[in-house]
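Enquirer: Below is the structure I would like to discuss, written out as structure tokens.
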Amino acid sequence: MSASLATQLVNLFASLLLLIAFAMLAQRRVLSLIHLFAWQGAVLALNTALVAFVTHQHHLYYSALLTLILKVILLPWILHRLIDKLNVRWDVETLVNIPTTMLIGVGLVIIGFNVAMPISHLSETVTRGTLGIALASVLLSFMMLITRRKAVPQVIGFLAMENGLFFAATSATYGMPLVVELGVALDVLVGTFIFGIFTFHLREAFDSLDIEHIEKLKER
Amino acid sequence: MNAAIAIQLGQAVLVVLLAPLFAGWVNQCRAWLQNRRGPGMLQPYRVLRKLFHKDAVLAHRASFLFRATPYIRFGCMVLAAYIIPTLASGLPISPAADVIALVGIFALGRVFMALAAMDIGTAFGTMGARREMLVAFLAEPALLMVFFTPALISQSTSLSTIVHTLAYQPFVIHPGLAFAAIAFLMVLLAENARLPIDNPATHLELTMIHEALVLEYSARHLALMDWASNLKLLAYATMGLALFAPWGIARTIDGPSLWLALACLPVKLAVAGAALALLETLSAKLRIFRAPEFLAMAFLLAVLGLLTHVLLEGAA
Amino acid sequence: MALEGSQLAIALVLVGGLHWFAVGMAGLAVPQSLFWIARILFPLGALGGLAVAAGGVVALPQEPAAAILPLGLPDLPFHVRVDALSAFFLVLLGIAAVGVSIFSAGYFRAGQGTAPGLLCVQYHVFLASMALVLVADDAYLFMVAWETMALSSYFLVTSNHRMPEIRRAGFIYLLIAHVGAVAILLSYGVLQAGQGDYVFSSMRAHAPQGAWASTAFVLALFGFGAKAGLLPLHVWLPEAHPAAPSPVSALMSGVMLKTAIYGLLRVTFDLLGAPQWWWGVLILVLGLLTAVFGAMFAAVQTDMKRLLAYSSIENIGVVLIAIGLATTFRAYSMPLLAALALTAALYHCINHALFKSLLFLATGSVLHSTKERNLGKLGGLVHSMPSVAFFALIGALAIAGVPPLNGFVSEWLLLQAFLATPSLPNSYLNMLIPLGAAALTLSAGLAGYVMVKFYGVIFLGQPREPALAHAHDAGWLERLGMAWLVAGCVALGLLPLKIVAILDPVNSLLLAQTLSETAGRSGWLFITVLAPERASYSPLIVFCGMLSVVAATFLAVRFRYGGRVRRSDPWDCGHPGLTPRMQDTAEGFGQPIKQIFEPMFRIERQLPTPFDERPVYRATADDHFWYWAYLPVARLTERVSRWIGVLQHGRISLYLLYSLATLVVLLLVVS
């Protein structure tokens, strides 16, 4: 496979990642959000496998496999169970209306890319052009974290942010050492469990998943 | 030169004659997907024939605008059929209008249709006009933005040059086009009164846009309006094919490439029509005030496609 | 021969201007005779317009020519100069003035506010002062002409001065005009760079550098922006335009706003040296905001002239977008693209002068024949005023930007300029420019919405008031005036290559680059950008193709199926009694825009409750700027003046004491 085709494919995956990040920003339904998250994981796994194939870095195959298992199968399954248990398949309310959110998102993409540009110029890898997009999707997920008011979409936003970071790592430095990656994966898994437990408690305490209720906890 | 003009004319005539068939194919696919038998692919022709043979009924207050509009709108769509490279690119009339002018020509047809709907002064007509313009004022910029990504890639707004660049240059993956394609699909659905925005099968007044606009038309006027709508759908489909699947469109005017183009076209259109029907079957109609949101998303997606292109390929 | 030609041009323009002045003064001879004023003087004024336009046409391809008038203060004679830039705007002024003057001959009637004689003076002085602004070659004459223009138009706006809201509109207009004039004066002060010489040639030779150049630019942008209706300074426009008589609105919107564009171009491209890149970006961003804002507000208006006023704001925004692009390209030394963008700007200027004047004149005819400005009380006029309806249809289509009319050509050129943006050496800019193109297309889409609303509600449907049945078509002079402008719209729409060639001297003057060579590469039928395979457009082919298809379809259908028509009532869904009140109102048409862009408006709704005896629904969509920017400033001014007012006691000796104290303090400071 020629280097230029590989670069093009990585660019394609990067823009798919961005597209999915935007789709998540625009999505009202929790169930579709989870599907989108799974798709994002799949794109990520494919991209990692591609980079592994092009650069002959075998440890990247493992991390692609790990991504596949964790982010395409396991986490979506956990989230599915979570929303089944909590019975929250309804539409998500957003704090800001969706076109505005997306407009701000476009601004974030511009900023993300410009900030990443000097770093991408330093990098020598085939995938350096995508660093900006990775950063942009991190910012977009952050944005989703802010604009959602229910707990489950926030969890998904957090996980999507991690996806962006992972993509940045793959594109800038051909991935982190496997040990670090395993640790991060474990962290994410544990984080999701904690979030799950947290949401259960949230509902028990306030009979709602609206995180605005947490504001009541502050001391006056 | 004479051959080119003949092919130009032939392409236009072919598109004008094929348009009802394509609409019939989409409807037939939809019927199959919904486990119905459907009226058959030739039904639009039968409808046109029936309408042409009837006497026209006009409202008392109809002005010259109302009577001229079916012809003008039909003329706009035929002109579009001349310009869009359906069979071959680089035909003699195609330099007369680039993609921006093409959007303008569609806008001309739409403005006249909206004005004609307001002409009689009924509640439905004006409501339809308002809704049509509501869809249009977002769909039109979205369509322009969709065109701008391939225009930047090929450094040209002429559809012929775009087809040349995308189909005959060495193959390059353009990620920006993926965004543009999705946005284009959304615009296509909205502009042709298809499902998430408008329901072509309904006659329930409160949910309709397109039907409210042509409510006062009858007989030959209605036939022309319907034919123009079929043409518009086919024009969008062929535009989409030219932008996102340009393979097979003849570059030079010679026998083999034209036969290839003639063979590719029905296959591509059949697939596109079936996909359109599938998409429509899977989606549910949106409330009218979700429509601007839908279109705003199409618009932003198209802008994002443009940005992605500038980001990933512009600097290189 | 060249010298003779350019001197001829100056002579023609000055004769035209003097002619206007004389015609105005002749109005005072018999100030109450409507026949003398309307039927004789106004058509004579149209001749002055022809002279000015002819002067401009002669001067466009010539070298600049200057002259010194034996007028003005001692040692400060008036300098005049006609170069390609002023020649272009003179053509614009002349052409629009011809149409509007002919229309006015049939328009002005007795018994409205100002006496006809006075109106005639103000109108023609207004025209003459605009011509003088365009030929002024020193800041002194420029400011004199500029202020004369502002004052004469102020009097014209308030010609119906017995209505308090018109006086208020006039006051706001005068205030902003003067704040702008002060900024322009300061800008010229910076531009003369300590030379003490206010002649433009000296400013050009000693253009300030660095921060001073930027100061001069920002002051000029503020000053001319105030006149043009640039975003935070636009509030006078929707007040003043509806208040003025329609021909005056037409001139103000069509021509006077362009003098501000002329001033901005003169300072930015001619007097100041090389621009800095952020100037262009500033103009671009303000232009984008202005365009989208104007279009959005136009969509929710219910007064037809206010609607057109907001649409003027939008169009000025479009012109500024083009100028911003041109400045940016010029700053990065890309003269060809700068010429493309500048051509788009000038093209849109003259387009707007034609179609906006046309539409204002059409509203004038509607106003005269129905006494109504409120869109909610109009409708169905296509039957009683067919010729006005036809002219207005052309104008509305042109402004909506559909081919093959002229509005589309400038929009096309501007979009091409956006698309031709190669990698500018600034990555943020590279990414912002697609967003700019997006905002521009959005405003263009909204303009289509606005025009369907404007035309549909006024001319189509059923009359919303019984009185409209007595509406009558415009007189022959009014129709002639509108036909002149319609002809301009069609010509500009169908022959873009010719127009670009005519505009080209301006490009070569300001950018040392011509466009017509690259624009005409595909022959006279097509207009192309940079290269034929890049982009080309041929309105003539589009128009003829359309015409032939329509004719062929019509004949075929007629021949094959006959043309039988049965008239009947419209379909009423089984509920008999279709009344005009069931149609969409202007509010109804604006409602979706109001809902989508709700945060942009300051909406006040008065909703009826179910228990109201006489339910009333009222909704207003106001301008945030008024509340966020203007009222605080007004309150602050009031507070400060109250505070200063403490000093006033009304005793002469106390005031003299103040003078003495000031004198003593100053002497102390000086020593």
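The values are calculated or read from the model by the stated rules, or taken from the named source; none is laboratory data. The structure displayed is predicted, hence computed values, not measured ones. Here Cβ is always computed from backbone atoms with ideal geometry, including for glycine, and neighbour counts include all displayed protein chains.
Enquirer: Considering each residue of the stretch B:271-306, count those that are more than 21 Å from B:R130 (Cα to Cα) and either in contact (Cβ under 8 Å) with a residue 24 or more places away in the chain or touching a helix residue (DSSP H, G or I) at 6+ places or on another chain (Cβ under 6 Å) (or both), and give that number.
Expert: Adding up the residues that qualify gives 18.
Enquirer: Something else: Considering the stretch C:298-350 alone, what residues qualify as being surrounded by fewer than 24 Cβ atoms within 10 Å (Cβ to Cβ), of a type in the set (S, T, Y) and touching a Gly at 6+ places or on another chain (Cβ under 8 Å)?
Expert: Across the stretch C:298-350, the qualifying residue is only C:T302.
Enquirer: Given (1) closer than 30 Å to B:L213 by Cα; (2) more than 7 Å from chain B (Cβ to nearest Cβ); (3) touching a Lys or Arg at 6+ places or on another chain (Cβ under 8 Å); (4) polar (S, T, N, Q), where does C:T579 come up short, assuming only one miss?
Expert: (3)
Enquirer: Please work out which one of (1) exposed (fewer than 15 other Cβ atoms within 10 Å of the Cβ); (2) modelled with pLDDT under 85 is the condition A:L25 fails and give its number.
Expert: It is condition (1) that A:L25 fails.
Enquirer: Look at the stretch C:400-417 and say how many of its residues are more than 27 Å from C:K305 (Cβ to Cβ) and either of a type in the set (S, T, N, Q) or surrounded by fewer than 24 Cβ atoms within 10 Å (Cβ to Cβ) (or both).
Expert: Total satisfying the criteria: 1.
Enquirer: Please work out if C:T585 is without any contact (Cβ under 8 Å) to a residue 24 or more places away in the chain, in contact with a helix residue (DSSP H, G or I) (Cβ under 8 Å, 6 or more places away or on another chain) and more than 7 Å from chain B (Cβ to nearest Cβ).
Expert: Criteria not met by C:T585.
Enquirer: For residues that are polar (S, T, N, Q) and either within 11 Å of chain A (Cβ to nearest Cβ) or not in a helix (DSSP H, G or I) (or both), tally how many sit in the stretch B:163-185. Working first, answer last.
Expert: So in the stretch B:163-185, the residues polar (S, T, N, Q) come out as B:165, B:169.
After this cut, where a residue has to be either within 11 Å of chain A (Cβ to nearest Cβ) or not in a helix (DSSP H, G or I) (or both) as well, the list is B:169.
Of the residues in the stretch B:163-185, 1 are polar (S, T, N, Q) and either within 11 Å of chain A (Cβ to nearest Cβ) or not in a helix (DSSP H, G or I) (or both).
Enquirer: Just to be sure before I move on: is A:L44 in a helix (DSSP H, G or I) and either surrounded by fewer than 24 Cβ atoms within 10 Å (Cβ to Cβ) or among the hydroxyl-bearing types (S, T, Y) (or both) in the structure I sent?
Expert: no
The rows are residues; the columns are (1) surrounded by 23 or more Cβ atoms within 10 Å (Cβ to Cβ); (2) in contact with a helix residue (DSSP H, G or I) (Cβ under 6 Å, 6 or more places away or on another chain); (3) β-branched (V, I, T).
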| site | (1), (2), (3) |
| --- | --- |
| B:R130 | yes, yes, no |
| B:A139 | yes, yes, no |
| B:A151 | yes, yes, no |
| B:T157 | yes, yes, yes |
| B:V163 | yes, yes, yes |
| B:F171 | no, no, no |
| B:A181 | no, yes, no |
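Enquirer: Residues that are of a type in the set (D, E, K, R), closer than 20 Å to A:I98 by Cα, modelled with pLDDT of 70 or more and buried (at least 17 other Cβ atoms within 10 Å of the Cβ): does the stretch A:154-175 have at least one?
Expert: Among the residues of the stretch A:154-175, not one is of a type in the set (D, E, K, R), closer than 20 Å to A:I98 by Cα, modelled with pLDDT of 70 or more and buried (at least 17 other Cβ atoms within 10 Å of the Cβ), which makes the answer no.
Enquirer: Is at least one residue of the stretch C:623-638 among the polar types (S, T, N, Q), under 40 Å from the mean Cα position of the chain (by Cα), exposed (fewer than 10 other Cβ atoms within 10 Å of the Cβ) and closer than 30 Å to C:I172 by Cα?
Expert: We begin by selecting, within the stretch C:623-638, every residue among the polar types (S, T, N, Q); these are C:637.
Still in the list and also under 40 Å from the mean Cα position of the chain (by Cα): C:637.
If we keep only those that are exposed (fewer than 10 other Cβ atoms within 10 Å of the Cβ) too, we end up with none.
No: the stretch C:623-638 contains no residue that is among the polar types (S, T, N, Q), under 40 Å from the mean Cα position of the chain (by Cα), exposed (fewer than 10 other Cβ atoms within 10 Å of the Cβ) and closer than 30 Å to C:I172 by Cα.
Enquirer: Could I ask something else about it? Quick test for you: out of B:P39, B:P44, B:P95, B:P20, pick the one residue that is at negative phi, within 14 Å of another protein chain (Cβ to nearest Cβ) and not aromatic (F, W, Y).
Expert: Going through B:P39, B:P44, B:P95, B:P20 in turn, just one is at negative phi, within 14 Å of another protein chain (Cβ to nearest Cβ) and not aromatic (F, W, Y): B:P95.
Enquirer: I would also like to ask the following. So in the stretch C:57-94, with the set limited to residues that are closer than 15 Å to C:W20 by Cβ and touching a Gly at 6+ places or on another chain (Cβ under 6 Å), which one is surrounded by the fewest Cβ atoms within 10 Å (Cβ to Cβ)?
Expert: Top of the filtered list is C:G94.
Enquirer: Looking for whichever is of a type outside the set (G, A, S), closer than 30 Å to A:P99 by Cα and touching a strand residue (DSSP E or B) at 6+ places or on another chain (Cβ under 9 Å) here; the options are C:Q595, C:Q606. Which one fits? Step through it out loud before you land on a result.
Expert: Numbers: C:Q595 fails: touching a strand residue (DSSP E or B) at 6+ places or on another chain (Cβ under 9 Å).
Answer to the selection: C:Q606.
Enquirer: Sticking with this one: Taking the conditions exactly as written (small (G, A, S), modelled with pLDDT of 90 or more and in contact with a Gly (Cβ under 6 Å, 6 or more places away or on another chain)), does C:G223 satisfy them or not?
Expert: Yes: the conditions hold for C:G223.
Enquirer: Please enumerate the residues belonging to the stretch C:407-429 that are more than 14 Å from B:T149 (Cα to Cα), among the polar types (S, T, N, Q), part of a helix (DSSP H, G or I) and at the interface with another protein chain (Cβ under 8 Å from one of its Cβ atoms).
Expert: Hit for the stretch C:407-429 is C:S427, nothing else.
Enquirer: Select from the stretch B:4-38 the residues that are surrounded by fewer than 17 Cβ atoms within 10 Å (Cβ to Cβ) and closer than 26 Å to C:T553 by Cβ and list them in ascending order.
Expert: Those that are surrounded by fewer than 17 Cβ atoms within 10 Å (Cβ to Cβ) and closer than 26 Å to C:T553 by Cβ: B:A4, B:I5, B:A6, B:L9, B:G10, B:V13, B:L14, B:L17.
Table: residues versus (1) crowded, with 17+ Cβ neighbours inside 10 Å; (2) facing another protein chain (nearest Cβ under 8 Å); (3) farther than 19 Å from B:A12 by Cβ.
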position: C:L530; (1), (2), (3): yes, no, yes
position: C:A535; (1), (2), (3): yes, yes, yes
position: C:I541; (1), (2), (3): yes, yes, no
position: C:V550; (1), (2), (3): yes, yes, no
position: C:V557; (1), (2), (3): yes, yes, no
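Enquirer: Additional query: Please enumerate the residues belonging to the stretch C:81-104 that are at pLDDT 90 or above and polar (S, T, N, Q).
Expert: C:S86, C:S101
Enquirer: Could you say which residue among B:P85, B:P70 is crowded, with 24+ Cβ neighbours inside 10 Å, more than 7 Å from chain C (Cβ to nearest Cβ), modelled with pLDDT under 90 and under 19 Å from the mean Cα position of the chain (by Cα)?
Expert: Checking each option against the conditions leaves just B:P85.
Enquirer: Ok, one more. Whether any residue in the stretch B:133-152 is facing chain C (nearest Cβ under 10 Å), closer than 30 Å to C:P576 by Cβ and without any contact (Cβ under 8 Å) to a residue 40 or more places away in the chain is what I want to check.
Expert: yes
Enquirer: Would you check if there is a residue in the stretch C:233-255 being at positive phi, assigned to a loop (DSSP other than H, G, I, E, B) and modelled with pLDDT under 90?
Expert: no
Enquirer: Please state which one of B:L300, B:L286 is farther than 30 Å from B:L87 by Cα, within 12 Å of chain A (Cβ to nearest Cβ) and not in a helix (DSSP H, G or I).
Expert: B:L286
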